[in-house]
Amino acid sequence: MSHSSHGIPSPLHFKDFGKQLYEVAQVHQGDWQNVGSVQHWDYTIEGKKTSAKDKIEAIDDENKTITYSLFGEEISNDYKTFKGTIKVSDKGSGGGIVKWTFEYEKNKKNMSAASPQSYLDFAIKVTRDIDAHVSKCLSHN
């Protein structure tokens, strides 16, 4: 698996995994791996088909982190703000540890919105798909 110039998998790679988790992943503005770029995703959360855009807000090469903000009509109905950060830490055995962090504020107009835990579960599933793919590639080398 190739990496972005930042040393961690870029969203370009995320779009190739977890096809059972989302239906559409496409660039809306910019590209897949630079600050300011916007991607569009159609996915299923809590059994409901939905869509959102994410914007790459920050990339920290030294700390191997990328921060995104999620927005769009459907997610904006549920949340005033929703940001996600992915951090990859090296393990001594040559692998890595992925940590997802979400910061959000639910929209008071819709307190029954999809749970932030559902988004975390989604991120974990995509991360596991990436891990399985990388492990398979490494076992064939």
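Each value in this text was obtained by applying a stated rule to the coordinates, not by laboratory testing. What you see is a predicted model; the values in this text were computed from it and never measured. When we count neighbours, we look across all protein chains shown, and the Cβ atoms used for this are built from the backbone with ideal geometry, even at glycine.
Among residues other than Thr101 whose Cβ falls under 9 Å from its Cβ, what is the net charge (Lys/Arg +1, Asp/Glu -1)?
Surrounding charge for Thr101 is +2.
Segment 24-139: Rg/Rh from Cα coordinates, Kirkwood Rh? Spell out each step's value before the answer.
On the way: Rg = 15.1 Å, Rh = 15.4 Å.
Rounded to two decimals, Rg/Rh equals 0.99.
Add +1 for every Lys or Arg and -1 for every Asp or Glu among the other residues with Cβ under 14 Å from the Cβ of Lys64, and state the total.
-1
Quick check: residue separation of Glu73 and Glu57 times 0.36 nm, minus the Cα distance between them. What number comes out in nm?
Once the chain is fully extended between Glu73 and Glu57, it gains 3.9 nm.
Could you compute the net charge surrounding Pro116? Neighbours are other residues with a C-beta less than 12 Å from the C-beta of Pro116; K and R count +1, D and E count -1.
Surrounding charge for Pro116 is -3.
Want the number for Asn34 to Lys108: 0.36 nm per residue separation, take away the alpha-carbon distance, what's left?
Full extension from Asn34 to Lys108 adds 23.4 nm.
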